[in-house]
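Student: Have a look at the structure that comes next, please.
The values are calculated or read from the model by the stated rules, or taken from the named source; none is laboratory data. Fair warning: this is a prediction, and the values are worked out from it, not measured in the lab. So basically every Cβ, Gly included, is an ideal-geometry build from the backbone, and we count neighbours across all protein chains shown.
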Amino acid sequence: MKTVYKLTLGLLLLSMACENDLDQVPPNIASADSLEDFTGVLNAAYFYQLGSVTPMAVMGDFRADNAFMFEAPFTEFDEFDADLPAMEDQFFGPFYTALYKSILSANNVIENSSDNTDIGEAKFLRALSYFKLVQVFGDVTVNLSSAPPTNDSSILVRQPAADVYNNVIIPDLQDAISALGVEIVNGRASRLAAQGILGKVYVHLGNFVEAEAQLASVVSGAAAANIELQTDFATIFGVDNDLNSEIIFATQVSSSIVDEYGFSEFWSWSGGLDTKSLMPLDADLVAAFDASPGDLRRAVTIDEALMASPKFPQTGGPDHDWIELRLADVILLFAEALNENGDTSGALTELNKIRARAGLANSTATTQAEVRQSIQDERRLELAFEGQRWFDLVRTGTVDAEMGQAVNPNYHLFPVPISEVLATGGVITQNPGY
């Protein structure tokens with residue numbers, strides 16, 4: 001049975017000290033210099049990840065060719081133009097706010113706690129938060145303080161994404177790897193989670209040599225952490241399967257805890273339970289499964305009668321954990337790194353592990369280009385409705401080819417919340433094209 005982090009009312013009511021999400025002071029708890037146990041503050045950093053879950057899920061699949069919106073103005077997700085900021089209140093705003101709150105809580109632990117494990121978990125969460133922010137917005141504001149100055153607007157200037165990767169995300173994950181143990185305790189961050197996310201970061205940066213090293217460590221070290229592929233693909237998902245053996249890290253969800261996001265949750269969107277998209281399943285994803293006859297993932301992932309996805313069943317929906325990283329994802333990233341580094345044979349070995357579970361024969365790909373395409377096709381079928389597709393298309397440079405249209409690169413990123421631009425008097429700038 002999953003464990004959901006227990007938070008005090010004070011932590012649940014952490015509020016902003018001024019209009020901008022970076023200037024947050026938790027007024028309902030003791031000051032940092034009077035605290036000795038930072039467990040509650042660390043739990044807050046975990047808790048705030050909840051607000052990023054559904055926006056990330058919608059951006060990852062509804063912006064791509066796996067799902068679509070039915071009702072205007074939400075159809076803007078499928079139209080690559082300047083009008084997407086209209087979705088701020090339901091998606092980009094809660095996402096932005098939640099992650100900067102998680103960062104602030106993590107900063108507090110990093111600066112003040114004397115517990116190395118707590119600090120390692122906090123650095124993992126800070127890195128994960130910035131990784132999500134950079135994938136969605138590109139350049140972002142960086143705050144590494146638990147008490148950022150309120151009279152210095154320069155700290156709000158967006159920093160180049162490359163600098164955020166090199167100066168924050170990668171060092172934080174490296175520190176987390178050093179501080180955390182292999183054992184996964186109650187679903188919290190572990191060494192494998194930090195290595196896996198770092199490997200994914202390197203893949204996003206196109207640094208496949210470093211990616212291979214990190215991902216190889218996860219694949220080889222999985223057994224020692226009691227991590228393995230589930231025999232049956234269906235048993236990865238559903239509330240009864242939370243924290244199963246394939247899950248390396250998940251954001252834990254509980255219907256008894258209200259988070260930043262107050263709209264339909266990810267399982268509602270994919271299942272066609274929100275009137276804005278009653279039949280969200282894109283015919284292009286159906287066609288992708290048609291091209292993979294006998295695929296055991298099909299019935300778990302798509303329902304052609306409802307034109308929706310049953311991957312996260314309605315039963316127990318409000319308690320479904322959100323999978324941030326699972327072993328199959330890591331294996332496919334490892335295959336990609338091996339292939340890009342010239343080890344096509346090794347890549348096929350890893351790829352075929354995933355195909356075998358899906359009831360498919362070994363891949364017939366032989367050349368590096370064919371294996372590259374086969375891996376991307378496999379990622380789509382394996383990870384559909386897990387918030388990955390759009391970000392895979394962007395990082396592989398295949399948006400136009402897969403979406404069947406020329407998409408202005410400005411729209412590879414999402415709009416920064418207008419409220420942030422206005423609150424800072426334009427110090428925080430908007431992304432081009434919006």
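Yes/no matrix, rows are residues, columns are (1) of a type in the set (S, T, N, Q); (2) at pLDDT below 95; (3) not in a helix (DSSP H, G or I):
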{"site": "Asp259", "(1), (2), (3)": "no, yes, yes"}
{"site": "Leu285", "(1), (2), (3)": "no, no, no"}
{"site": "Pro293", "(1), (2), (3)": "no, no, yes"}
{"site": "Leu296", "(1), (2), (3)": "no, no, yes"}
{"site": "Ala299", "(1), (2), (3)": "no, no, no"}
{"site": "Ala305", "(1), (2), (3)": "no, no, yes"}
{"site": "Pro310", "(1), (2), (3)": "no, no, yes"}
{"site": "Thr315", "(1), (2), (3)": "yes, yes, yes"}
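Student: Can you find, within the stretch 326-373, the residue that is surrounded by the fewest Cβ atoms within 10 Å (Cβ to Cβ) among those that are in a loop (DSSP other than H, G, I, E, B) and in contact with a Phe, Trp or Tyr (Cβ under 8 Å, 6 or more places away or on another chain)?
Tutor: Taking the stretch 326-373 and keeping what is in a loop (DSSP other than H, G, I, E, B), we get 341-343, 358-367.
Filter again for in contact with a Phe, Trp or Tyr (Cβ under 8 Å, 6 or more places away or on another chain), leaving 341, 358.
Working: Asn341: 14, Ala358: 18.
Filtering first and then ranking leaves Asn341.
Student: Moving to a separate point now. For the stretch 215-236, which positions are within 18 Å of Ala358 (Cα to Cα) and out of contact with any strand residue (DSSP E or B) (no Cβ under 8 Å at 6 or more places or on another chain)? I'd like the intermediate steps shown before the answer.
Tutor: First pass over the stretch 215-236, keeping only residues within 18 Å of Ala358 (Cα to Cα): 228-236.
Matches in the stretch 215-236: Glu228, Leu229, Gln230, Thr231, Asp232, Phe233, Ala234, Thr235.
Student: Still on this structure, I have one more. Anything in the stretch 294-312 that is under 21 Å from Arg389 (Cα atoms) and surrounded by fewer than 16 Cβ atoms within 10 Å (Cβ to Cβ)? List them, or say none. I'd like the intermediate steps shown before the answer.
Tutor: Step one: list which residues in the stretch 294-312 are under 21 Å from Arg389 (Cα atoms), which gives 295-304, 307-312.
Residues satisfying the conditions are Leu296, Ala299, Glu304.
Student: Can you confirm whether the stretch 57-71 contains a residue that is closer than 21 Å to Gln430 by Cβ, modelled with pLDDT of 95 or more and under 14 Å from the mean Cα position of the chain (by Cα)?
Tutor: We begin by selecting, within the stretch 57-71, every residue closer than 21 Å to Gln430 by Cβ; these are 58-59, 63.
From the residues that got through so far, the ones that are modelled with pLDDT of 95 or more too are 58-59, 63.
Restricting the remaining residues to those that are under 14 Å from the mean Cα position of the chain (by Cα) gives 58-59.
Yes: one or more hits.
Student: Being out of contact with any strand residue (DSSP E or B) (no Cβ under 8 Å at 6 or more places or on another chain), closer than 30 Å to Phe77 by Cβ and surrounded by 20 or more Cβ atoms within 10 Å (Cβ to Cβ) narrows it down to one of Val136, Val157, so name that one.
Tutor: Working: Val157 fails: surrounded by 20 or more Cβ atoms within 10 Å (Cβ to Cβ).
The unique qualifying residue is Val136.
Student: Please enumerate the residues belonging to the stretch 40-58 that are assigned to a helix (DSSP H, G or I) and either aromatic (Phe, Trp, Tyr) or touching an Asp or Glu at 6+ places or on another chain (Cβ under 7 Å) (or both). Even if it seems obvious, please write down each step before you answer.
Tutor: Here is the first cut: in the stretch 40-58, the ones assigned to a helix (DSSP H, G or I) are 40-47, 50-58.
Once the filter is applied, which keeps residues that are assigned to a helix (DSSP H, G or I) and either aromatic (Phe, Trp, Tyr) or touching an Asp or Glu at 6+ places or on another chain (Cβ under 7 Å) (or both), the stretch 40-58 yields Leu42, Tyr46, Phe47, Leu50, Gly51, Thr54.
Student: Can you tell me which residue within the stretch 109-133, out of those that are surrounded by 23 or more Cβ atoms within 10 Å (Cβ to Cβ) and touching a Phe, Trp or Tyr at 6+ places or on another chain (Cβ under 7 Å), is nearest to Leu413 (Cα to Cα)?
Tutor: Once the filter is applied, the top-ranked residue is Leu125.
Student: Those residues that are over 14 Å from Phe74 (Cα atoms), free of Cβ contacts under 8 Å to residues at least 60 places away in the same chain and either crowded, with 16+ Cβ neighbours inside 10 Å or not hydrophobic (A, V, I, L, M, F, W, C) (or both), I need them from the stretch 273-285; list them, please. Step through it out loud before you land on a result.
Tutor: Pass one, the stretch 273-285, residues over 14 Å from Phe74 (Cα atoms): 273, 281-285.
Filter once more, keeping what is free of Cβ contacts under 8 Å to residues at least 60 places away in the same chain: 273, 283.
Matches in the stretch 273-285: Leu273 only.
Student: Please specify each residue of the stretch 169-206 satisfying the condition of being within 17 Å of the chain's Cα centre (by Cα), buried (at least 20 other Cβ atoms within 10 Å of the Cβ), among the hydrophobic types (A, V, I, L, M, F, W, C) and not in a loop (DSSP other than H, G, I, E, B).
Tutor: The answer is Ile169, Leu173, Leu192, Ala193, Ala194, Ile197, Leu198, Val201, Val203.
Student: When you go through (1) under 20 Å from Met56 (Cα atoms); (2) modelled with pLDDT of 95 or more one by one for Glu378, which number turns out not to apply?
Tutor: All conditions pass for Glu378, except number (1).
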